[in-house]
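The values are calculated or read from the model by the stated rules, or taken from the named source; none is laboratory data. These numbers come from a predicted model, not from an experiment. So basically every Cβ, Gly included, is an ideal-geometry build from the backbone, and we count neighbours across all protein chains shown. Side chains are part of the model used for accessible areas, which takes the heavy atoms of the whole protein and leaves out ligands, DNA and RNA. Shrake-Rupley method; radii C 1.70, N 1.55, O 1.52, S 1.80 Å.
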Amino acid sequence: MAIIGKILGGVMGFAVGGPLGALVGAIAGHGLVDRRRAVEDSGGTDEEQAGVMFALGVIALAAKVAKADGTVTRDEIRTFQRLFPFDPEERSRIAALYNQAGQSADGFEAYAEQVRDALAAKPELLAEVVDALYAIAAVDGALHSAEERMIARIGAVFGFGGYEMASLRARHAPGAQSGAEDRGGRAADAYAVLGVAPDVSDEALRAAHRKLVLTYHPDKLASKGLPQEFMALANDRLAAINAAYETVKQERQGR
């Protein structure tokens, strides 16, 4: 079953009463939730439930972040759908969840707290939520201050510190994909992606890179419950980690 089907079915069995369960309940009256299936699908493995909570958290929090700078537009919804290739027949239900969550920027902390509690044993997935939010916010080539503040607060709710948030933000920052004419800026961004200071030793640099690859490899994330619909973003992040490591190695060889 596609992840949105699991959200609108299985989530009713284990998130009812929480703010995310209330979000799903708010669209139930529109014929978008099959209550019979909700009862049948309320179980599932730990990984399946983690995947449902991850996807629902990304959808709800992305809508809140989009609302942070004023309004949620159709272009933002289309951008979300482009970034995450959900089944075409599910798009109306994705839009309903997104629109419901995006009615106001208020309440995002309650969503974040519920996601944090549900994924407390899977911090890798919490990091992927933040990465997804940065990717969505930066799709127009800019990270607006209101969006950045909200994502930073979500990261704090998740328990991430400054280095972790800087690492997650770095590959989405304006100019992070700059060309050879800005090698210094690219190197600074690369160190940030790897979560290390520019004066780190070569040995510590290799260890940091190895740890990131082992932690955030898409296969590892899939084993933790990352839904297939979000795998492209995970692949992009792994590519960014490896590219950052190569950039830093080249910068050090040229000293």
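Could you check the stretch 83-119 and list, in sequence order, the residues that are in a loop (DSSP other than H, G, I, E, B) and either open to solvent by 20 Å² or more (accessible area, probe 1.4 Å) or closer than 17 Å to Pro227 by Cα (or both)?
The initial filter retains those residues of the stretch 83-119 that are in a loop (DSSP other than H, G, I, E, B), namely 84-87, 102-107, 119.
Matches in the stretch 83-119: Phe84, Pro85, Phe86, Asp87, Gln103, Ser104, Ala105, Asp106, Gly107, Leu119.
Hey, among the residues in the stretch 29-68 that are assigned to a loop (DSSP other than H, G, I, E, B) and modelled with pLDDT of 75 or more, which one's most open to solvent (accessible area, probe 1.4 Å)? Steps first, please.
Taking the stretch 29-68 and keeping what is assigned to a loop (DSSP other than H, G, I, E, B), we get 31-34, 41-45, 68.
In the following step, the residues that additionally are modelled with pLDDT of 75 or more were identified as 45, 68.
Working: Thr45: 68, Ala68: 30 Å².
That would be Thr45.
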Original post:
If you go through the stretch 88-108 one residue at a time, how many are closer than 27 Å to Asp236 by Cα and in contact with a helix residue (DSSP H, G or I) (Cβ under 7 Å, 6 or more places away or on another chain)?
Top reply: 10
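Is it the case that some residue within the stretch 221-233 is part of a helix (DSSP H, G or I) and either within 22 Å of Pro198 (Cα to Cα) or in contact with a Cys (Cβ under 7 Å, 6 or more places away or on another chain) (or both)?
Here is the first cut: in the stretch 221-233, the ones part of a helix (DSSP H, G or I) are 221-224, 228-233.
Narrowing the set further to residues that are either within 22 Å of Pro198 (Cα to Cα) or in contact with a Cys (Cβ under 7 Å, 6 or more places away or on another chain) (or both) leaves none.
The answer is no, given that none of the residues of the stretch 221-233 is part of a helix (DSSP H, G or I) and either within 22 Å of Pro198 (Cα to Cα) or in contact with a Cys (Cβ under 7 Å, 6 or more places away or on another chain) (or both).
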Subject >> Index of the failed condition, Gly175 passing every other in (1) surrounded by 13 or more Cβ atoms within 10 Å (Cβ to Cβ); (2) closer than 29 Å to Lys67 by Cβ; (3) modelled with pLDDT under 90 >> reply: (1)
**OP:** Name, by its number, the condition in (1) modelled with pLDDT under 90; (2) more than 18 Å from the chain's Cα centre (by Cα) that does not hold for Leu214.
**Re:** (1)
